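Asks: Mind looking over this structure? Questions follow.
Every number here is computed from the coordinates shown, using simple stated rules; none is lab data. None of these values were measured; they are calculated from a predicted model. Ideal geometry is used to build each Cβ from the backbone, glycine not excepted, and the neighbour counts take in all protein chains shown.
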Amino acid sequence: MGKIKKNKKYCMKRVNIVYNINEEKKLVRNRIYLDNCCLNRPYDDQSNLNVHLEAEAKVFVQNEILKKKYELAWSFMMDYEISSNPFHDRRIAFFNWKNISVIDIEPLEEILAKGKDLTKKNIKKKDALHIACAINAECEYFLTTDTKLLKKEIPEIKLINPLDFLRQYYEGEKL
């Protein structure tokens, strides 16, 4: 499992509310992982209504993270992909979220092995490593806007787009 981060500005600790998926692995309730395509959604062409709504949902989730309703998990894969972003201002904005995250997953052997295993489900290497990091961070949800990835079934974590996440999470609640 990754290490818990503490910093002076955002002193967050791991939530003690957990439940069992199975006897081997616990999930931290309300811990989420936003993949790179999810982070980038507001920069996509907003003329498509679905893209626009997903972008708004992603921003809403980020605001809820700032209010500490959710915990954000980070990983070496986020560092890698964001570092490759050609837009300096986006890199800076995305890396600011690293400081808010409560856990930063490093490239452990078990994560690399899980990533390799996930590629057998016809998942791209980078996506597989992101998912393996989220599983290792004990995330309950993996938010992505990648439609091909959303069709995959991963027993250890729920893959969901940000709009469906809000619909599911707030079902029956007033926003």
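Asks: How many residues, within region 30-48, are of a type in the set (Phe, Trp, Tyr) and buried (at least 22 other Cβ atoms within 10 Å of the Cβ)? Outline the logic, then answer.
Replies: First pass over region 30-48, keeping only residues of a type in the set (Phe, Trp, Tyr): 33, 43.
Going one step further and asking which of them are buried (at least 22 other Cβ atoms within 10 Å of the Cβ), we end up with 33.
Result for region 30-48: 1.
Asks: I'd like the residue in region 54-64 that is farther than 12 Å from Phe165 by Cβ and of a type in the set (A, V, I, L, M, F, W, C) and, out of all such residues, is surrounded by the most Cβ atoms within 10 Å (Cβ to Cβ).
Replies: Ala55
Asks: Looking only at residues that are more than 14 Å from the chain's Cα centre (by Cα) and either at positive phi or free of Cβ contacts under 8 Å to residues at least 60 places away in the same chain (or both) in region 141-161, which one is surrounded by the fewest Cβ atoms within 10 Å (Cβ to Cβ)?
Replies: Residue satisfying both the conditions and the ranking: Glu153.
Asks: State the number of residues belonging to region 72-102 that are acidic (Asp, Glu) and touching an Asp or Glu at 6+ places or on another chain (Cβ under 8 Å).
Replies: Result for region 72-102: 0.
Asks: How many residues does region 26-80 hold that are under 17 Å from Asp127 (Cβ atoms), assigned to a strand (DSSP E or B), of a type outside the set (A, V, I, L, M) and in contact with a Lys or Arg (Cβ under 8 Å, 6 or more places away or on another chain)?
Replies: 1
Yes/no matrix, rows are residues, columns are (1) in contact with a helix residue (DSSP H, G or I) (Cβ under 8 Å, 6 or more places away or on another chain); (2) of a type in the set (S, T, N, Q):
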site: Ile82; (1), (2): yes, no
site: Asn96; (1), (2): no, yes
site: Ser101; (1), (2): no, yes
site: Lys116; (1), (2): yes, no
site: His130; (1), (2): yes, no
site: Leu143; (1), (2): yes, no
site: Glu153; (1), (2): no, no
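Asks: Test each condition in (1) surrounded by fewer than 17 Cβ atoms within 10 Å (Cβ to Cβ); (2) closer than 16 Å to Phe142 by Cα for Met78 and report the one that comes out false.
Replies: For Met78, the exception is condition (1).
Asks: Now for a different question. Given the conditions (1) over 18 Å from Arg31 (Cβ atoms); (2) touching a residue at least 40 places away in the same chain (Cβ under 8 Å), and given that Met78 satisfies all but one, which numbered condition is not satisfied?
Replies: Here Met78 clears every test but (1).
Asks: Which members of region 81-130 meet the condition of being surrounded by 12 or more Cβ atoms within 10 Å (Cβ to Cβ) and assigned to a loop (DSSP other than H, G, I, E, B)?
Replies: Those that are surrounded by 12 or more Cβ atoms within 10 Å (Cβ to Cβ) and assigned to a loop (DSSP other than H, G, I, E, B): Asn85, Ser101, Val102, Glu106, Pro107, Leu108, Ile123, Lys124.
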